[in-house]
1. Over the range 466-635, calculate the relative contact order: mean separation of alpha carbon pairs under 8 Å at least 6 apart, over the residue count, as a percent.
2. Between Asn700 and Ser752, what length in nm is gained on full extension when 0.36 nm per residue of separation is reduced by their alpha carbon distance?
3. Which ordering of Phe430, Phe668, Phe118 is given by a fewest-first count of other beta-carbon atoms within 10 Å?
4. Could you line up Phe614, Phe985, Phe386 from fewest to most neighbouring Cβ atoms inside 10 Å?
5. Among Lys421/Lys742; Lys864/Lys891; Lys107/Lys715; Lys59/Lys293; Lys506/Lys608; Lys204/Lys303, which pairs are too far apart, with a Cα-Cα distance over 28 Å?
6. For Cα pairs less than 8 Å apart in space and 6+ apart in sequence, what is the mean separation divided by the residue count of the range 915-1007, i.e. the relative contact order in percent?
7. Among Val535, Val315, which comes first, then next, by fewest other beta-carbon atoms within 10 Å?
8. Once phi is turned into ³J(HN,Hα) by the Karplus curve 6.51 cos²θ - 1.76 cosθ + 1.60 with θ = phi - 60°, what whole-Hz value does each residue of the range 918-927 show in order, with x for glycine and proline?
Amino acid sequence: MMMAKLSWTGFLLSVLTIFSCWSTAHAYGHFDGLGYAYYDTTSSRTISSLTNTISMQLKTFATDGVLLMATGNNNYIVVELHAGYVRLRIRFSGTTGADYIISNGVKISDNQWHRVEFTRDRFFGSLTVDGIRSPNDYRDQGERASIIINQMIYVGGVPSNINAASNLYTLRNYTGCLRYVVFNGITILSNALSNQVSYGYVGKITNSTDCETTPEQFVAAQVRSETSSITTSWTPSSRCDYSFEFWFRTTDSGNNRELVFLDATNSIVINLNGGTVTMLLFGTFNVHNFKPKVADGSWHLLKLTASCTNVRVYVDDDSSVITFSQTLTTQQSPQITIGLKNIRSFTGCVRGIKIDNVLERVGSNKFIRSGISLNSCPIQNFCQPFFPCYNNATCTSSSTSFTCNCGTNSNYEGFYCQTYKYRRNCEEIFIANPSSPTGWYTIDPDGPHGPNLPFPTQCFTDSRATTQVSNNLEGFARVPVSSQYIGPGSFVANIIYRDGPASSIKNISIGQAAALADISQSCSQTVTYRCMKSVLLNTPNTPYGWWVSRNDEKIVSWGGAPTNSMKCSCGVTNSCYNRTKMCNCDANHDSVRDDSGALTDKSRLPVKQLKFGFEDIGSSPLALYSLGKLNCRNRANPMHVITFTTRESTVQFPTWQAEFNGYIELAFRSSISNGVLLKNTGRYGSFIRLAVQPKLITLNYNLGQGGGNQVLQVKAVGNTGFDDNEWHRIRLSCALYRTSLKVDDQPEATNSSLPNYQLVRLDIDSPLVLGGDLTNGMNGYVGCIGDLYIGENLKKLDTIVAAIAGVRSGCGKACSLGPCQHNTSCTGDYLNFQCDCKNTLWTGRTCQAPKGAHFSGGNIIEYKANETLASLANGTQDISFNFVSNATTIKIFDIQTNNGQKIEFGLDNGQAYLSVNSNRSPLQGFISDEQSHQVIISPTTNSISIDGDRNVLGSIPSVLDLPTVQIGSSGNSRLTSMCVYNVSFIGIPIMAYAFSNAQNPSITSTPNSGNQGATESVCVAGNVIKTPAPTTPSIRATSLSTGASTTASTQLVGIPPGGIVGIVIGLIILMVIIAWAYIKFANKTRGKYSINTEYGKTNAYSDATLNTVNADKNPKEWFL
């Protein structure tokens, strides 16, 4: 998100401007709506800048008028009053198209002093009135960020030819008081009124230093109520001719609101009707309608001129004439009433009353006043400057608020016409309003943006979760016995879905009914075939009847049986009349039978057609059929679901504002408490933050509605919380004056407020962040989110997360991706997983590696058979294992049998040997190289293979007689280290026995002299990775994708107990040891051995952790 900020240059310019504004620009001026001040830059200097500052103070009853306009070649800045509010229009140099508009909602037209400031730095601007900063700004326009003012700067108005010569809006000159007018540090009004070079003014601008006594033409009077009135009468100077005019302002859009009553020889009635002016000659029915819409809170001029032959009335630029039936020879002295005369007065304000072109003071004795407040005009157009209504509704402002008229044919309702009228099914209707009665409702399963129209359905309070759709075949219909219907599927029954009250039944398309099935958890339709001598599916032969799905699929199965199983329900339960058949009707019996059951494959419902046919008609077959209502229950699990697997993961929607109509809806599911579901931060401190806790949903927000930061909360009901791994639904509404939060079917939490200034819709012009809070990564949400609706638009989350780290498509805990290999069990939550490798042949974080043991010094694992063993199925007695070692001399494997036979395998000076009953046979190669080597000893073939190289020896005895097997030896040096895995002793998995959950009585573990036993490990070349012990999954784990490190415990190999003394000798000796270790590492001398442990690891799950450990990629620790 980008905030509007001033550069250092812009900041200094702002400071200088404000200083000059309040220190030197002491010029005051009353503007009469005709004149203006100017600065001609063509004869002095061009103002070209990437920054602008404008400031001024104003006091007025006016609602419209130019305050300042700076022009250049096809670019300009205009500060103006519009409908009683300040707005700024701007066009950058070299751009085309519409102006960029910044509006501010502080009411100006109250004849009080207001301070206006505008600052711009390149593409970012801010319009501030009385300290209230507008939350709108203009958009990036590439490299064209400059505004070049090389023509004129006007204050208080513009020349009359500006409108005709430009594409600017229609501009009205300002009426009211201005002071302290500064543009980019230039005190334009002060310079103009003092007649400096290149400055000047046109018309009458009263230079008053106090500007507190408002001239009469600017004074407004409030017409407070429907009984208010201002009445005056006079004798015209001429026989028939006179004129009367005044300005009026209103937001009253009612009917028959009296504006003016002219009581004269020919009386005229001028009323307001629906926001427009109407006029008629009293006693007639000929109504004249004026074009201008006047109930907009702006000032409008009404002028009446009378003569002996007619009366002409002007409303702004429109006029109408009432011609008298005969020319008057004398004229009754007119009496004019503004407001109540006969019915009811309009409510609003008036000013500038002129009689025969003479300005009159409304507070003088010339007027009779009732219900009038002088020097006051609190009228405010609440529909401006930020239109509050949605979905093409019309806005009507009243004296205290506004009303949105959604329209009789609108599909929207609510205070702002922001709520779509139709729920998706009956369940949603009763959730939204639990007191809703049984009755007919209109639903729209695919929402306002789906391809299908809403349709009627009947909802019942005793089955609130069920939505039904009726059809034309709910009663039995007969298949005509006719030769044209001999043959499979020759008779076709088309299904017509329809529903609604008897007075207005409407057809429902297959698409509409299918949309209901799609959003439902389950759907069913009962289908029945009643037969006599008429087969149905005829399994296993050619079927004579079947049903057709919504997608035009031929489905050869019947109600109560799986789709396309070629069975009826009795075939599933093996209860058909003829047990050799799959349907009752397929018995082709001469008695009446039924095949009936529910079709439940909702992906194929509703049924589109039923098709039947006879084998023959000679035996007078009977075939009746019916199809029940489509019954759909509950709402389906959310669609387009994603899972957040780390607290740092988020999904951002940078351009979501256009879709937002005040509503956001989502479903979530998690077993991990605490997390931010979504957040939006506005440009000026506004924000929306929705968070979940085990028992609480909290919406924190500040939308500039007044009152600062606000909170709405919904608590969980009962003993379960929101971390129960069930789906929960949230709907939040963020409107101008009302915010609400609804969770599941609990009562809605709401908060309403009415600020003292108008608001932009919402300050949301920044990305919507889903799944976390970018300002605090540790508060991210872990779990599933789906059915995200922004406004009424469903976001397809699962299609946009492929490249987002820590987010995956679908909903499932970490185990749902099957991280545990070799069919081992998995436990965990959405954040972590743990594989149970106990009682298996495998080890490692994902049970990916053969189970091995790490030996250091003289520790031993011993297996002792308690009975004579049998050969393998192929008749062999093979003994196999793999090992890795850094030792040159070590005893690895030893076998002794009950009958005294002894076999030993080990290394001597790096060379392998096999000893049989004390006869040692040296074997090829140097294999004390920290690489993995495979050994297979075969007594059956008198051979031993090392890494595939077979050596045949004289004799290797049988090892079946109560053998004792030792891996490791107490005689091994305490400096030696090895790892042994893939151990199979005549098919016996010794390592699996050694590290199983339950201690195997055949296994004994003997520790070394340091009381250390052999430890379960993953053995790879150059590395020994210890298997993590079972731990409780941590919700604070850090994603590997973020580069955060994880803790790991390490084991020093071959360090004698006395070595601990060296730790406390002192810092100098410790540094020597570290230096020596570094030298050993650098030279890669023999004797090194590396261990990378994973003990206690609590990493967040990622694909990287599923891979078998690679020796070249693991960090190493070096032991001496």
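1. Worked out over the range 466-635, it gives 39 percent.
2. 17.3 nm
3. Phe430, Phe118, Phe668
4. Listing Phe614, Phe985, Phe386 from fewest to most nearby Cβ atoms yields Phe386, Phe985, Phe614.
5. From the list (Lys421/Lys742; Lys864/Lys891; Lys107/Lys715; Lys59/Lys293; Lys506/Lys608; Lys204/Lys303), the Cα-Cα distance tops 28 Å for Lys107/Lys715.
6. Rounded, it is 13 percent for the range 915-1007.
7. Val315, Val535
8. Using θ = phi - 60°, the values come out as 6, 9, 8, 10, x, 10, 6, x, 9, 10 Hz.
Every number in this text was worked out from the coordinates using simple rules, so none of it is lab data. Predicted model, so just to flag it, every value in this text is computed and none were measured. FYI the Cβ positions are ideal-geometry reconstructions off the backbone, even for glycines, and counts take in every protein chain you see.
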